[in-house]
Each structure stands twice: as structure tokens, then as C-alpha cells.
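Inspection log for the structure reproduced underneath, given as C-alpha cells.
Read the figures in this text as sums done on the coordinates, not as results from a lab. Please read all numbers here as calculations on a predicted model, not as lab measurements. For neighbour counting, all protein chains shown are included, and Cβ atoms are generated from backbone atoms with ideal geometry for every residue, glycine included.
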């Protein structure tokens, strides 16, 4: 169930692995809702699912072609299913949402599987950048080419209004019904661990706490990523992380996985934008980021669970 000439799963392969991980570990599968085109948006819950317990969220693939993010989320789920961090999961829940935007995933899969196999896509089926569609600073323009745009032809089109998109609303309602304390979104690329604010050049109230959390992940990596507020990578608006932090009080982190993937010895990376964002061989990058990212399980337990 891998896409032709890649090390990445088909969407059907992702769904099959979610089922297999739940079957072997006892994790719960939650159907959060459906995408614009009616595909299921599903998450795994390790820890029993009692919403009264503190919760941690890993999520990925807001942007269609960022497959390495979905693979990182799945790898975290594999490790949790194998018993890593099990000593903490009696008093907290760890959730994994591998594919936020299944329609986008399917579109990129089709592009990779046909013709030249080239793929460059960010948006959902309605042509909206989901990580520009959240309410915080939606109408604010921070003066960046990466900011959410009101223009439909922009690669960063924000949508007609906040939470205009089915996927954004599904995610919003999921968050509102749970008890999340910490979140980590997987994106690519940038080799960095980011935290709010993304839309303005000022420190958020939890700056020191967020920097410390990001620093613990970075310190645990073999090849450490940089740690900084999101606006120091680039300014943007309407992001999920700023919404999670500003409106929900969640300690929200974003990991930009890897660096620009053009490799002199890998011709497939020269012309295909998919491989600019996603490593041809993801294993080395996953081994650098996923075990370190699981530090957040212990951090959630130590910060928010009683003795």
C-alpha cells in the first residue's frame, strides 16, 4: 500500500495502519467527522479516552503534500502502540490525528501515481489553505508572502471566513469537546520547533514554558532542530497553533520537519516538488524527530496530572 516510486503510504494504507494499530494495542479509534468530499477524519486515542484526564495531541497533514508529517504522526502512534510511554497513559490520554486533510492527501497520491508523478499542493478540496482558516488574526495581514490571502488563486488562500471549511470545523469541534493541554503539529520543512505567536512579533504569555517544551524535544534529537517563535520563521495568520493557544489555552507547538530536500545524488528530488518537502527516504528523519517528540507525553503527565 505504498505510492509508486515512493516510501509513502497510500491513503488506504494509512487507514489500514490506523486499524491495525488499534487492533494490536487496544487504542480507540475516533471518527471525528468527514472531509469536504466525504472522507473520514479519524484519530487514535491511547489512554482510555476519559476526557476528564489531561490530554496531548499530535496532528499532521493540514497541507496536502506534507506526507512526512503524516508519517511522523503514524510513527508516534506505532511507538505508543508498542508500549512506549505506557507508564504515563493511565493518568492521561495521547491522541494522534495523522491526516487532517484526507482530500488533499488523496489528490497528491493521484498526482504521484500518474504521469510524471509530480506533486505540489497545499489546499483542501475547496482550494483553501486550512492552516490559514482559523479565527485568530484571520483578517489581519502581517505583511508576509506566506500570510493568509483573500485571493482564491493564492497558495495561501484563507477561505471566505474563519472556519469556513469542513475540516477546520471538524478539528475545532473535536478540540472543544476534549481536555487538551499540549499539542504538536507536524509540518515541513524548516528543521525547527515553533510556538506562538505566528501572526505578530511579540512574546506570548507562555513564551518561557513553550520554549522550554520545545527545547526538551530539540535536546533529545540526534540532530537538534532550532527553537523559536513561529513569527521568526515567517509571519502568518489564521493558524491552528495560534488558535489552540490564544483561544483554547493549549500549549501549542509546531515542528517543521527536515530541510529543503533537493539532493545531488537523488535525481527524483531535482524536479519533483514533493521531494523538496518530503525526504526520499523518511526513516532517518523519523528516527531523529519521533522519539524526541514523545517527550511531550511525560511532560503532559508531569505538568498536568496529580500524584
### Task
Would you mind putting 120-128, 218-226 in packing order, based on average other-beta-carbon counts within 10 Å, highest first?
120-128, 218-226
### Task
Can you pull the one-decimal nm distance between simple spin-label points at residue 211 and residue 4, each 7 Å off the Cα toward Cβ?
5.0
#### Entry: Nearest-0.05 FRET efficiency for residue 222 and residue 51, computed from C-beta distance (R0 35 Å)
0.45
### Message
Given points 7 Å out from each Cα along the Cα-Cβ axis, report the residue 12 to residue 144 separation in nanometres with one decimal.
### Response
3.9
### Peptides ranked, highest mean first, by Cβ atoms within 10 Å: ranges 288-300, 74-86
288-300, 74-86
#### Entry: Inter-site label distance for residue 302 and residue 164 at 7 Å from Cα along Cβ, in nm
4.4
### Message
For Cα pairs less than 8 Å apart in space and 6+ apart in sequence, what is the mean separation divided by the residue count of region 172-278, i.e. the relative contact order in percent?
### Response
39
### Exposure proxy ranking, count of Cβ atoms within 10 Å, fewest first, for 68, 271, 3
271, 3, 68
### Summary
With a Förster distance of 51 angstrom and the Cβ-Cβ distance between residue 271 and residue 176, calculated FRET efficiency to the nearest 0.05 equals 0.75
### Query
Cα centroid distance between region 32-85 and region 252-307, in Å?
15
#### Entry: Nearest-0.05 FRET efficiency for residue 260 and residue 152, computed from C-beta distance (R0 30 Å)
0.65
### Message
Can you compute the helix-only [θ] at 222 nm over the chain? Use -39500 (n - 2.57) per DSSP H run of at least 4 residues, normalise by all residues, nearest 500 deg cm²/dmol.
### Response
-10500 deg cm²/dmol
### Message
Pick from 265, 281, 246 the residue whose mean-square fluctuation is largest in a GNM of the chain, springs joining Cα atoms under 10 Å.
### Response
265
### Query
Using Cα pairs under 8 angstrom and six or more residues apart, how large is the relative contact order of region 11-304, in percent?
21
### Message
For region 11-304, give me the percentage of DSSP beta bridges that are antiparallel, rounded to the nearest 5 percent.
### Response
35
### Query
Fewest to most neighbouring Cβ within 10 Å: what's the order for 109, 62, 284?
284, 109, 62
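Which of 141, 46 comes first, and how do the rest follow, when ranked by fewest Cβ neighbours within 10 Å?
Values: 141 13, 46 27.
Fewest to most other Cβ atoms nearby, the residues stand as 141, 46.
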